[in-house]
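Encoded as structure tokens, the structure appears first; notes follow it.
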Amino acid sequence: MSWEMPAVRVLLIVGVAAAAYHLNPFHLSSFVSALVGVVVGLIFVLFETRLERASLKRLIGAAFGSTLGILGALMIGHLLNNTSIEKGTLSFVQVSILLLMGYVGLVLGANKGELLNLAALGGLFSGERQPKKHFKILDTSVIIEGRIADVCETGFLDGTLIVPQFVLRELQLVADSSDSLKRNRGRRGLDILQRMQKMGGVQVQIVEDDFPNLRDVDMKLIELAKKYDAKIVTNDFNLNKVAQLQSLPVLNINELANALKPIVLPGEIMRVFILKEGKEYNQGVAYLDDGTMVVVDNAKKMISKTIDIAVTSVLQTTAGKMIFGKYDDRVRVEADREKKEISAGL
């Protein structure tokens, strides 16, 4: 029931406080000992609530990593016993190494725990079910381009985002380029990656996996996707096609952007800002927020103004979409009528 956990936590705090009250640790008074017990109990409860939010994979990884760290520290401490270090200093060094290696093992084990395959352990952890496609691998182009960070902020992209070390090296090479344009793009990619690492709902994992027998980065990404049963996130046309030929799932940011472009039908009225003169007589040119060009007849005199136009046709080309429209007094009257109807409905 909902009251059981708070009741157990209160009993834990009371039990620790009572034990401290009777045992008087550090030769403190009974009252101060009880207060210390309450503080220690609260720390235990806080630690327990944090553990509740951790996945089973992270807990197993943390336990395994900390165990290895402690064993390593004990071995080093045993070797230090054979040295001539003064006893007090030796004890301090041994305790410091034990705490350091235990902590490092705990943190590294928890971070790498998400990569564990619990299914390989049989039905022992059948309750810990993960989606089939849990990992997503980012390539260099999608990191540099930057829209991936905006997609992650919206919450549409979840799970663990994997950045291979060879992709990170490629980013660093671009950032160190002598060409100023490439250098700026590389630094932008590193900034985007750092921004994603700070997001609360996204986990970015740097992996060391490499394939020395493959020189091409795209082929390395494909092999890594096969190894982790992951999706590749990219905006590279060639990588997209090669991955699809090998039946690997691909998330293409450009395809996502095209799918989200607003649909405009002939006869609809839309409001645009006429930016410049068109190529043909008496034409004006406007642009939508996504960069789509809008060519408007009878709009040459309306440059630097926001007007209502009627869409006449939509042309889809390999370079993108173009919208054609016209401007006249009838369009303006129709737009005013629609505004009045909307206002009346409100």
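The values are calculated or read from the model by the stated rules, or taken from the named source; none is laboratory data. Computed from a predicted structure; not experimentally measured. Counting neighbours? That spans all protein chains shown, and the Cβs are built from the backbone with ideal geometry, glycine included.
Taking the criterion of being of a type in the set (A, V, I, L, M, F, W, C) and either touching a Ser or Thr at 6+ places or on another chain (Cβ under 9 Å) or outside the structural domain of ASP328 (by TED's automatic domain parsing) (or both), would at least one residue in segment 274-285 satisfy it?
Within segment 274-285 (the criterion being of a type in the set (A, V, I, L, M, F, W, C) and either touching a Ser or Thr at 6+ places or on another chain (Cβ under 9 Å) or outside the structural domain of ASP328 (by TED's automatic domain parsing) (or both)), the answer is yes, since at least one residue qualifies.
Against the condition under 26 Å from ASP289 (Cα atoms), touching a Leu at 6+ places or on another chain (Cβ under 7 Å) and either in contact (Cβ under 8 Å) with a residue 12 or more places away in the chain or of a type in the set (Val, Ile, Thr) (or both), how does GLY155 come out, does it pass?
no
I'd like the full set of residues that are closer than 30 Å to LEU221 by Cα, touching a residue at least 24 places away in the same chain (Cβ under 8 Å) and either touching a His at 6+ places or on another chain (Cβ under 9 Å) or of a type outside the set (D, E, K, R) (or both), limited to segment 244-283.
Correct list: GLN246, LEU248, PRO249, LEU251, ILE253, LEU256, ALA257.
How about segment 72-94: which of its residues are out of contact with any Gly (no Cβ under 9 Å at 6 or more places or on another chain) and either aliphatic (A, V, I, L, M) or under 27 Å from GLN205 (Cα atoms) (or both)?
Hits for segment 72-94 are LEU74, MET75, ILE76, LEU79, LEU80, ILE85.
Going by the conditions given, is GLN172 assigned by TED's automatic domain parsing to the domain that holds ARG147 and over 20 Å from LYS112 (Cβ atoms)?
yes
Kindly indicate whether GLN172 is at pLDDT 90 or above and farther than 27 Å from THR160 by Cβ.
It is false that GLN172 is at pLDDT 90 or above and farther than 27 Å from THR160 by Cβ.
Any residue in segment 70-78 that is assigned by TED's automatic domain parsing to the domain that holds MET101, small (Gly, Ala, Ser) and not in a helix (DSSP H, G or I)?
no
Scan (1) buried (at least 20 other Cβ atoms within 10 Å of the Cβ); (2) under 19 Å from LYS112 (Cβ atoms) for the single condition THR160 breaks and write down its number.
(1)
I'd like the full set of residues that are surrounded by 17 or more Cβ atoms within 10 Å (Cβ to Cβ) and at pLDDT below 90, limited to segment 219-229.
TYR228
Looking at segment 251-271 only, could you name the residues that are assigned to a strand (DSSP E or B) and either in contact with a Lys or Arg (Cβ under 8 Å, 6 or more places away or on another chain) or at pLDDT 90 or above (or both)?
Matches in segment 251-271: LEU251 only.
So which residues in segment 183-228 are farther than 20 Å from ILE253 by Cα and assigned to a loop (DSSP other than H, G, I, E, B), if there are any at all?
Result: LYS198, GLY200, GLU208, ASP209, ASP210, PHE211, PRO212, ASN213, LEU214, ARG215, ASP216.
Name the one entry in LEU42, LEU100 that is exposed (fewer than 14 other Cβ atoms within 10 Å of the Cβ) and part of a helix (DSSP H, G or I).
LEU100
Output the number of residues of segment 24-43 satisfying the condition of being at pLDDT 80 or above and out of contact with any helix residue (DSSP H, G or I) (no Cβ under 6 Å at 6 or more places or on another chain).
Of the residues in that region, 7 qualify.
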